[in-house]
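Please read the structure below before turning to the comments.
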Amino acid sequence: MPGFEVIGAEEQTEINDIFARGGVLFRHGFDALRNDCYKVREFEAAFAAYMGVPHALAVTSGTAALRVALAVLDLQPGDEVITQSFTFVATAEAIIEARAVPVCCEVDATLNMDPDDLEPRITPRTKAVIAVHMLGTPARLREISEICRRRNVVLLEDAAWGCGGSLDARPLGTWGRMGTFSFDFAKTMTTGEGGMIVFGDRGDYERAAAWHDHGHENNPTVPRWEDTRSGSGFNYRMTELQGAVGLAQLRKLDEVVRRQRTNRDAIWRAIHDLPGVIARAVPVGSVETADALVFETSSPEVAREARNQLVAAGLSTKILPEAVTWHFAGTWSHMPELVAHHGDLSIAFPATAQRLARCVSLPVVVNMDEAVPARVRTAIESVLI
Ligand SMILES: Cc1ncc(COP(=O)(O)O)c(C=O)c1O
């Protein structure tokens, strides 16, 4: 979770640098005023290098990153995009905004896309699949990417929670044709609000860069106000202030993930032997970002009582089991596009509904009080026995 916990002097220094060099807050142009200071551009280059990809595009949010990535695919009305039923509303919202039909599938014991449920949902109208790495644990990307390859469907990754994680030593976000990231205030690295898209293909990058900037091609042979364009777009440009913060946060990302993993492991060691605690399934070869520690219990009643006891002890849970409504498609009856495809959402994803109700998710922070693991155990042991 917490890039915000480590915000400090380094971010301030990067911001001050903008003002020391002219105070240009727009990512493009004003060349004579900015003393060669281009923070967003520098942030994109540093992020692409970190991810080991040729191109990265900074945008205003993780939701915008999804929307821009979908714009690259030139979806037509009636095209379907499949994602998982346990994700944040943003994934489905971006599909709807792209005028495609949102389709959700069940999750498995990883709490991410169940490849066995994905394949039967692919139809001739399916154009893309968005795999999500919920709460920092990789989806089964080996199986999902193989299905997408075989069925000729584009794979995108919503790596909002996956920034700094990997599978088979390959960073999350770089398995799909494009990967999207969120830098909102609850993520492993933050720019307050912000997002990024990574690309392997230059053509995809160029389409995304233009679309996120009203269609601007940033043609170097003409001034910006006479710029060339091939299509319309929208405005999802990141500001220089966000780019500056992102540069400093990126340098801290590995350490944030390392400390989260250490703290997650300490909590897990304190509770793993309690009867009825079932570990979340994690694909072999995963490096999780450890945004949360999720485990399954024997029943929804036990999960809810564990939550009650944690709150009574001054601790908390994160999303599961109590705040699932923003994260489970089975509750999104406010999305007519989803209802039109799936019918009664309350019965559309029974395996996911039952599994999520049995799960407890504990927040993991960078600066953890070392008494927390023992306090968690004390709070839940009477419930689980
Ligand atoms: C899975 C997922 N996708 C997308 C987003 C959207 O990111 P943002 O808040 O930056 O728009 C989030 C935010 O929490 C998320 O959890």
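The values are calculated or read from the model by the stated rules, or taken from the named source; none is laboratory data. None of these values were measured; they are calculated from a predicted model. All Cβ positions, even for glycine, are placed from backbone atoms using ideal geometry, and neighbour counts span all protein chains on display.
A few comments on the model shown:
- Selection of segment 357-385 for residues being part of a helix (DSSP H, G or I) and not charged (D, E, K, R) yields Ala357, Val372, Pro373, Ala374, Val376, Thr378, Ala379, Ile380, Ser382, Val383, Leu384.
- Matching residues, segment 55-90, being surrounded by fewer than 24 Cβ atoms within 10 Å (Cβ to Cβ), closer than 17 Å to Thr126 by Cα and in contact with a Ser or Thr (Cβ under 7 Å, 6 or more places away or on another chain): Glu80
- Candidates Gly52, Gly29, Gly8, filtered to the one that is touching a Ser or Thr at 6+ places or on another chain (Cβ under 7 Å) and not basic (Lys, Arg): Gly52
- One residue from Thr91, Thr126, Thr174, Thr87 being touching a helix residue (DSSP H, G or I) at 6+ places or on another chain (Cβ under 8 Å), hydroxyl-bearing (Ser, Thr, Tyr), within 16 Å of the ligand (Cβ to nearest atom) and closer than 30 Å to Ser230 by Cα: Thr91
- Residue check, Ala139 modelled with pLDDT under 95 and either surrounded by fewer than 18 Cβ atoms within 10 Å (Cβ to Cβ) or farther than 19 Å from Tyr50 by Cβ (or both): no
- Total residues in segment 176-200, condition part of a loop (DSSP other than H, G, I, E, B) and in contact (Cβ under 8 Å) with a residue 40 or more places away in the chain: 14
- Taking first residues from segment 320-349 that are more than 27 Å from Glu305 (Cβ to Cβ) and partners that are in a loop (DSSP other than H, G, I, E, B), the Cβ contacts under 6 Å between residues at least 6 apart in sequence or on separate chains come to Leu338/Trp332; His342/Ala348.
- Number of residues in segment 218-258 that are part of a helix (DSSP H, G or I), over 28 Å from the mean Cα position of the chain (by Cα) and of a type in the set (D, E, K, R) equals 2.
- Conditions (1) over 21 Å from Asp291 (Cβ atoms); (2) among the acidic types (Asp, Glu); (3) buried (at least 16 other Cβ atoms within 10 Å of the Cβ): number failed by Glu322: (1)
- Residues in segment 177-196 that are in contact with a strand residue (DSSP E or B) (Cβ under 7 Å, 6 or more places away or on another chain), within 12 Å of the ligand (Cβ to nearest atom) and hydrophobic (A, V, I, L, M, F, W, C): Phe181, Phe183, Met196.
- Residues in segment 197-217 that are farther than 18 Å from Pro54 by Cβ and either surrounded by fewer than 22 Cβ atoms within 10 Å (Cβ to Cβ) or within 12 Å of the ligand (Cβ to nearest atom) (or both): His214, Gly215, His216, Glu217.
- Test result for Gly162, under 10 Å from the mean Cα position of the chain (by Cα), within 15 Å of His55 (Cα to Cα), modelled with pLDDT of 95 or more and within 14 Å of the ligand (Cβ to nearest atom): no
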